[in-house]
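**Student:** Structure incoming, see below.
The values are calculated or read from the model by the stated rules, or taken from the named source; none is laboratory data. As the structure is a computational prediction, the values presented were derived from the model and not from experiment. Backbone-built Cβ (ideal geometry, glycine too); neighbour counts: all protein chains shown.
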Amino acid sequence: MLSVQKNRFPLESGNSLPLDMLLQKCTAGHKLVSSLRQIIAAGRAERTYPKWSDEFLTYSERTAVETSARLNEWLESYDQGILPVGILSERLSTIIHAWELLHSFIKPVLDADNLKVPHPLVHFLTEHIGGLRVVAGAKFVTEISPQLNYFQHSHTDLRNAISFLQSLVRGPAIEPRLGFLALPCSQSRNLFTNCLLYHEVGHFIAEETSLLARIEITKLSDELESKFGEYKRWAASRIRRLMEELFADLVAVKLAGLAYTLSYMELIRLVSDDLTQHAKRFFVDHPADALRFREQLKILEHDKWGEYGAKLPQWAELKKISQVTELEYLVPKEYQNDVAMTKIWRMLIETLCNEDRLKRLHEQVDGVLADRENPYERFVESAAEVEECLGHGIVPSLERGGRSPHPLAIINGAVLFWLSGMSELYRVVPRCSGKKVEDRAFLENRVEMWCLKAIEDWLIRTK
Amino acid sequence: MLGRRNIRDSIGYVTLGLFAHALLDELLEAKKKPEAAPVRKKMMRLAEESLEAMESPDAVEPSRWRNLVFQNYQESETLRTVLSAHPEVGDIGGLREILSTIVLPNATRDERLENIDKAMDFFAELARMAVINAECPEEQVPPGVRQLVAS
C-alpha cells in the first residue's frame, strides 16, 4: 500500500492529495502508452511497412512496455522515500509529453504502409543519402502527413529526445541515424512533388552534422551584438532558422538537381498566380522564395544545369523571380502593419542576406556534400533515353551499353518531361486528349508510375 | 493542456525535460552512496560537456555537438532563466563546478552531498520549467525587442 509522505520537493498549488494525483497521472500515462502499443500491434498485424518504419514502430512498442514498467517502479520508489513527490510528478508530466511527441509520429507512420508510399523513391533516397560520408548509413522512416505542404513540417529532431527517454525508462536502443520523411497524403504515390522530400533530407543533414549549432550561433550572436544588444541570442535563433531552410534547399538541389527547384516552383504556382510578387515575402520561419530560388540557381548554374535549363521557360522565370534587391523583400505578413517589427525584420533580412554569410553557407554545403554525385552528370548520361521512353509511353529502364538510367536521371528526366514533353505523349496515346483535365491527369499519373517502376528496376539490378 | 498546440514545436522543451529527469535519476542514485564517486554519471558528464560547449564552443569537438544539450534557443534560454533564479548556483561555470565536484573521486562525503542537493534543486526546477514551456512553445518576440528601434 502506498503512503502519502512529506519531502523537500513540494507540489505546486497546495495539492492535498498527492498520492491520488500521482496514481491518476501514472494511470493516465499507462493508459496512453498501452493504447498506443495496441494500435501499433494492430497496425503491424494488418499491414506491412517499409523496413525502417517497421523498426521505429517496434521500438515504440517496446518502449511502451518499458515505460509502463517504470511507472510502477517509480511509484514504489516514491513510497520508499527515494523519489521525491515533486520530481515524480514532474517526471510523469514529462513522460506524458514525450509520449505525446511520439504519438505525433506514430500515427502518421502507421498511415504510411507499403501500399501508400512511393516505395522505390523512398528506397532510392535512403540508399542515396546513406551513401554520403557525413550521414553514412542513414535510414528514413516514412510518414503520411495531413498537410499539403512539404515545407511546414516541424523538424524531426527526435534523436536526443529518444535517447533521453531510452535512458529514463531503460528502453531499447534505436537506429542512431534515423530521419523522417513526411509525404502529404494526397501526394503519397507521386514522383514529381515528392522530389521535395530532399528538402527534409537537408534538415536531417543539418541536424546530424550540427553545422548550424552552438559554435555558429555563438559567432552569429557576437556579430549581432551591435544591432540587437541583449536580444542578440533571440535574433541569432531567428536567423539560424532561416539559414537552416536555405541550407536544406541547397542540400536538396545539390543532391536532386533541377528536378527539386522545378517541383518547388510548380508547388508555389498552385497557390499563387503572381509568383514574382509572392516570392518576395518572408515568413517567420522561411526566407522569401525569391532568395531561396536565387541561392538554388547558384548551385544549378555551377552544376551546369544552365545549358539544359535555358531551353525551358521555367528557367527564365526562375531567373526573373530571383532578381530581387534586398529592399524589395517583404517582411512576414503578421508584421507588415507593425512599424517596430518591420524595422526589426529589415535588420534580420539584412543580416541573413549578407554576401559573406551566404557564401559561407554554400561552402558549408559544399564541404558536407563533397562526395556527392553531380545529378547533372547522371542526367546527361541518359536524358535522351528517358525522354524517348516517356514520349512513347514506355517505362524508362532500357538498358543500353550495359547500363540502365540512374534514378537521378529518371527523376530529372521525368520532371522535365512533365513540364515540357507531355504534348508528345498526348499525340501517341489514342483517345487521350491534352485538352481534357482527366486525360492529362491520367497520363501524368502514368508517367510518374513508369518512372517509379524504372527506379525500382534500377534498384533490383544494382542493389 | 494536451492537444492545445502542436507538440512537435515543443520538441526542444520535451528533450530538455527528459534529459533533466535522466540526470536527476543519476543524482538520486549518487545520493544513496555519497561516500564514493557515482558509478552512473553519463548524463552528468553530458551536462558538463554541454555547459562547456556553451561557454567556449571552440573547446568541444565538432563531432560531439550533435549529442549535446542546450544547443537550441528553447533549451539554452530555459537554462539561463533557471540560472537567473538560482543565485546559489551562479553562472554556467558554477553549475559545471557543482557537477564536476559530484563525480570527483577525491571529493568528501559532505562536499558531494551538498553539491548533489544543489544539483537536484537546480535540475528539478529545470525539468519543471521545461514542462511549463512545452505547454506554450510559441517563441514570443521578447517584449524589449521593439525598444531597439523605438528611437
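Residue-by-condition table, conditions (1) part of a helix (DSSP H, G or I); (2) surrounded by 21 or more Cβ atoms within 10 Å (Cβ to Cβ):
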| residue | (1), (2) |
| --- | --- |
| A:Ser163 | yes, no |
| A:Leu183 | no, yes |
| A:Leu196 | yes, yes |
| A:His203 | yes, yes |
| A:Tyr260 | yes, yes |
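**Student:** For the condition in a helix (DSSP H, G or I), more than 18 Å from A:Leu262 (Cα to Cα) and modelled with pLDDT under 90, what is the one hit in A:Glu424, A:Glu456?
**Tutor:** Numbers: A:Glu456 fails: modelled with pLDDT under 90.
Only one candidate qualifies: A:Glu424.
**Student:** Ok, one more. Contact list please: Cβ distance under 9 Å, first residue in segment A:373-384 and more than 18 Å from A:Leu125 (Cα to Cα) and assigned to a helix (DSSP H, G or I), second residue among the polar types (S, T, N, Q) and at pLDDT below 95, pairs at least six apart or on different chains.
**Tutor:** A:Ser382/A:Ser404
**Student:** Please determine whether any residue of segment A:135-144 is at the interface with chain B (Cβ under 8 Å from one of its Cβ atoms) and in contact (Cβ under 8 Å) with a residue 24 or more places away in the chain. Write out each step before concluding.
**Tutor:** Just the residues of segment A:135-144 that are at the interface with chain B (Cβ under 8 Å from one of its Cβ atoms), to begin with: none.
Looking for residues that are at the interface with chain B (Cβ under 8 Å from one of its Cβ atoms) and in contact (Cβ under 8 Å) with a residue 24 or more places away in the chain, one finds none in segment A:135-144, hence no.
**Student:** Using the structure shown, decide if A:Ile394 is within 24 Å of A:Phe442 (Cα to Cα), among the β-branched types (Val, Ile, Thr), surrounded by 22 or more Cβ atoms within 10 Å (Cβ to Cβ) and touching a residue at least 12 places away in the same chain (Cβ under 8 Å). Give the derivation first.
**Tutor:** On the way: within 24 Å of A:Phe442 (Cα to Cα): yes; among the β-branched types (Val, Ile, Thr): yes; surrounded by 22 or more Cβ atoms within 10 Å (Cβ to Cβ): no; touching a residue at least 12 places away in the same chain (Cβ under 8 Å): yes.
Here the answer is no, as A:Ile394 does not meet what is asked.
**Student:** Checking the conditions here, which among B:Leu18, B:Leu27 is part of a helix (DSSP H, G or I), without any contact (Cβ under 8 Å) to a residue 12 or more places away in the chain and within 11 Å of another protein chain (Cβ to nearest Cβ)? Break it down stepwise before answering.
**Tutor:** Working: B:Leu27 fails: without any contact (Cβ under 8 Å) to a residue 12 or more places away in the chain.
None of the others qualify; the one that does is B:Leu18.
**Student:** For a quick check of your reading: which helices (runs of 4 or more DSSP H) sit entirely within segment A:273-361 and have at least 3 residues that are in contact with a Ser or Thr (Cβ under 8 Å, 6 or more places away or on another chain)?
**Tutor:** Values: elements: A:275-278, A:289-302, A:306-309, A:313-322, A:339-352.
Answer list for segment A:273-361: A:289-302, A:313-322.
**Student:** So, in segment A:411-448, of the ones that are within 15 Å of A:Arg189 (Cβ to Cβ) and acidic (Asp, Glu), which residue ends up surrounded by the fewest Cβ atoms within 10 Å (Cβ to Cβ)?
**Tutor:** Ranking the candidates gives A:Glu444 first.
**Student:** Also: What number of residues within segment A:214-270 are hydrophobic (A, V, I, L, M, F, W, C) and either within 12 Å of chain B (Cβ to nearest Cβ) or over 27 Å from A:Glu301 (Cβ atoms) (or both)?
**Tutor:** 9
**Student:** With the checklist (1) under 30 Å from A:Leu158 (Cβ atoms); (2) assigned to a helix (DSSP H, G or I) in hand, flag the one item B:Glu114 doesn't pass.
**Tutor:** Condition not satisfied by B:Glu114: (1).
**Student:** Follow-up question, since we're still on this one. Consider A:Arg70 carefully, then state whether it is modelled with pLDDT of 95 or more and either in contact with a helix residue (DSSP H, G or I) (Cβ under 6 Å, 6 or more places away or on another chain) or surrounded by fewer than 16 Cβ atoms within 10 Å (Cβ to Cβ) (or both).
**Tutor:** Working: modelled with pLDDT of 95 or more: yes; either in contact with a helix residue (DSSP H, G or I) (Cβ under 6 Å, 6 or more places away or on another chain) or surrounded by fewer than 16 Cβ atoms within 10 Å (Cβ to Cβ) (or both): yes.
Judged against the criteria, A:Arg70 is a match.
**Student:** Among the residues of segment A:75-95, is any within 14 Å of chain B (Cβ to nearest Cβ), aromatic (Phe, Trp, Tyr) and surrounded by 21 or more Cβ atoms within 10 Å (Cβ to Cβ)?
**Tutor:** So the first thing to find is which residues in segment A:75-95 are within 14 Å of chain B (Cβ to nearest Cβ), and the list is A:76-78, A:80-95.
Narrowing the set further to residues that are aromatic (Phe, Trp, Tyr) leaves A:78.
Going one step further and asking which of them are surrounded by 21 or more Cβ atoms within 10 Å (Cβ to Cβ), we end up with A:78.
Yes, segment A:75-95 contains at least one residue that is within 14 Å of chain B (Cβ to nearest Cβ), aromatic (Phe, Trp, Tyr) and surrounded by 21 or more Cβ atoms within 10 Å (Cβ to Cβ).
**Student:** Among the residues of segment A:385-408, how many are of a type in the set (Gly, Ala, Ser) and outside any loop (DSSP other than H, G, I, E, B)? Write out each step before concluding.
**Tutor:** If we filter segment A:385-408 for residues that are of a type in the set (Gly, Ala, Ser), which is where we start, we get A:391, A:393, A:397, A:401-402, A:404.
Then drop every residue that is not outside any loop (DSSP other than H, G, I, E, B), which leaves A:391.
Number satisfying all stated conditions: 1.
**Student:** Now a separate question. Assess whether B:Val149 counts as being on the phi < 0 side of the Ramachandran plot and in contact with a Phe, Trp or Tyr (Cβ under 7 Å, 6 or more places away or on another chain).
**Tutor:** Numbers: on the phi < 0 side of the Ramachandran plot: yes; in contact with a Phe, Trp or Tyr (Cβ under 7 Å, 6 or more places away or on another chain): no.
No.
**Student:** Out of everything in segment B:52-91 that is away from chain A (no Cβ under 11 Å) and surrounded by 18 or more Cβ atoms within 10 Å (Cβ to Cβ), what residue ends up being nearest to B:Val141 (Cα to Cα)? Write out each step before concluding.
**Tutor:** Filtering segment B:52-91 down to residues away from chain A (no Cβ under 11 Å) leaves B:78-79, B:81-91.
Imposing the further condition that a residue be surrounded by 18 or more Cβ atoms within 10 Å (Cβ to Cβ) reduces the set to B:78-79, B:82-83, B:89.
On the way: B:Thr78: 15, B:Leu79: 18, B:Val82: 19, B:Leu83: 21, B:Val89: 28 Å.
Ranking the candidates gives B:Thr78 first.
**Student:** Considering only segment A:33-46, how many residues are under 27 Å from the mean Cα position of the chain (by Cα) and closer than 18 Å to A:Ile96 by Cα?
**Tutor:** Residues in segment A:33-46 being under 27 Å from the mean Cα position of the chain (by Cα) and closer than 18 Å to A:Ile96 by Cα: 5 in total.
**Student:** Out of the residues in segment B:1-15 that are of a type in the set (A, V, I, L, M) and in a helix (DSSP H, G or I), which is modelled with the highest pLDDT?
**Tutor:** My answer is B:Val14.
**Student:** Here are A:Ser263, A:Ser237, A:Ser186: which of them is touching a Ser or Thr at 6+ places or on another chain (Cβ under 6 Å) and touching a residue at least 12 places away in the same chain (Cβ under 8 Å)?
**Tutor:** Of A:Ser263, A:Ser237, A:Ser186, the one residue that is touching a Ser or Thr at 6+ places or on another chain (Cβ under 6 Å) and touching a residue at least 12 places away in the same chain (Cβ under 8 Å) is A:Ser263.
**Student:** Just to check your reading of the model, which residue among A:Ala454, A:Ala441 is among the small types (Gly, Ala, Ser) and free of Cβ contacts under 8 Å to residues at least 24 places away in the same chain? It would help to see each step written out before you state the result.
**Tutor:** Details: A:Ala454 fails: free of Cβ contacts under 8 Å to residues at least 24 places away in the same chain.
Every option except A:Ala441 fails the conditions.
**Student:** Restricting to segment B:30-49, name every residue that is surrounded by 21 or more Cβ atoms within 10 Å (Cβ to Cβ) and at the interface with another protein chain (Cβ under 9 Å from one of its Cβ atoms).
**Tutor:** Selection gives B:Met43 alone.
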